[in-house]
Amino acid sequence: MSIFRQLYNNPYFKKATSFLRVIIPVVIFYYLFTIINLNELLISFETSDKLYLTYGIILGIISFVLHFIKWEKIVKALLSDYKSVTIIKSILAGYAIGLVTPFRAGELPGRSFGLKGNDVTSISMAVMFDKILNLAALLFAGSVCFALFISGITDYNFYLLMILPLANALSIFIIFAVVRGEKFGKYKFIQFLSKIEYLAKVKKAFQKTRQMNRKFFISQFLYSFAIFLSYSLEFVLFVLAFEGSGNFWAIYSAIGAVYFVKAYIGFLSFADIGIRESSAVYFLGLIGVSAAAALNGALLIFFFNLLVPAALGALVLIKKA
């Protein structure tokens, strides 16, 4: 057993990390409210563009529908055929349990709700497959937005910054080569990576997908990419609703940068709370967006994309109980 695994399994370490993941968002919000007056937030809400808010909420619904379609296809391909209502309840239950567990790990077994006839492990592997594709799309699209954003506010050449998206694309390709492509198994580097515990678990999640053709993988990745575009555009519309005006593409690249950074450091706080909001205030502030507009936009994203589905999921679980 490695020293890292011993540390991870240490009960004191788990308690310490859990405490930090709660205290970090508290500290972040304390800082944010020292630089943003509460009245500014309220006035920003009162004077917001209701049309932009409406469009943003509609996009949030579209994002959920895309999520539903993607998960339904995965369930039918890897598990069994279920009614659409059952699939929706599965997603909502995953949100509810995931929101209150570290690293949103509860979402894996949480989505087993209603999916009778399949063991929790199989369902968890299907969820992991779903989330890995979402993460791959986010890292690639987010890194492109990050490169666009940095090149827009600095003198760095955009094409030089594209090294970052290319590095992410290469990393994604290597992971897929490890967990999916038998043709790459002969290379020693791939064999070495296959022995890494986390990648071994990911490889297990992809076991059943080996029977799926390339078209299935491409369609799933495109769904993940569409979900990222929808979520980020929703964020942009919320920011514009509170800001009133601004450079659409500059704001979009800043939002993409927020999601990109959150993907790497979101684990530092409970349910990404504080990381998303502080990143939004920082990146959007660099292009002249007010802190109040950035924070309000981030809070609405948390409310509609996480809190509302989790609350509905809690109702589903309570009703079942």
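The values are calculated or read from the model by the stated rules, or taken from the named source; none is laboratory data. Bear in mind the structure is a predicted one, so any value in this text is a computation, not a measurement. Here Cβ is always computed from backbone atoms with ideal geometry, including for glycine, and neighbour counts include all displayed protein chains.
The figures follow:
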item: Residues satisfying the stated conditions in region 77-87, i.e. surrounded by fewer than 19 Cβ atoms within 10 Å (Cβ to Cβ) and in a helix (DSSP H, G or I); result: Ala77, Ser84, Val85, Thr86
item: Single residue of Lys131, Lys116 found to be out of contact with any helix residue (DSSP H, G or I) (no Cβ under 7 Å at 6 or more places or on another chain), assigned to a loop (DSSP other than H, G, I, E, B) and modelled with pLDDT of 75 or more; result: Lys116
item: Residue within region 42-59 that is over 30 Å from Phe242 (Cα atoms), modelled with pLDDT of 90 or more and among the basic types (Lys, Arg) present; result: no
item: Qualifying residue in region 67-81 (condition: within 16 Å of Phe304 (Cβ to Cβ) and more than 18 Å from the chain's Cα centre (by Cα)); result: no
item: Complete set of residues in region 265-321 that are on the phi > 0 side of the Ramachandran plot and in contact (Cβ under 8 Å) with a residue 60 or more places away in the chain; result: Ala271, Gly274
item: Yes/no for Leu148 being modelled with pLDDT under 90 and either out of contact with any Lys or Arg (no Cβ under 8 Å at 6 or more places or on another chain) or β-branched (Val, Ile, Thr) (or both); result: no
item: Test for Lys262: is it touching a residue at least 12 places away in the same chain (Cβ under 8 Å), basic (Lys, Arg) and out of contact with any strand residue (DSSP E or B) (no Cβ under 8 Å at 6 or more places or on another chain); result: yes
item: Total residues in region 230-258, condition free of Cβ contacts under 8 Å to residues at least 12 places away in the same chain and closer than 22 Å to Leu66 by Cβ; result: 0
item: Any helices (runs of 4 or more DSSP H) falling wholly within region 271-320 and containing at least 3 residues that are within 26 Å of Ser151 (Cα to Cα); result: 275-285, 291-302
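Yes/no matrix, rows are residues, columns are (1) surrounded by fewer than 22 Cβ atoms within 10 Å (Cβ to Cβ); (2) touching a strand residue (DSSP E or B) at 6+ places or on another chain (Cβ under 7 Å); (3) farther than 30 Å from Asn296 by Cα; (4) among the aliphatic types (A, V, I, L, M):
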| site | (1), (2), (3), (4) |
| --- | --- |
| Thr54 | yes, no, no, no |
| Ile62 | yes, no, no, yes |
| Phe68 | yes, no, no, no |
| Val75 | no, no, yes, yes |
| Ile97 | no, no, no, yes |
| Ala105 | yes, no, no, yes |
| Gly110 | no, no, no, no |
| Val120 | yes, no, yes, yes |
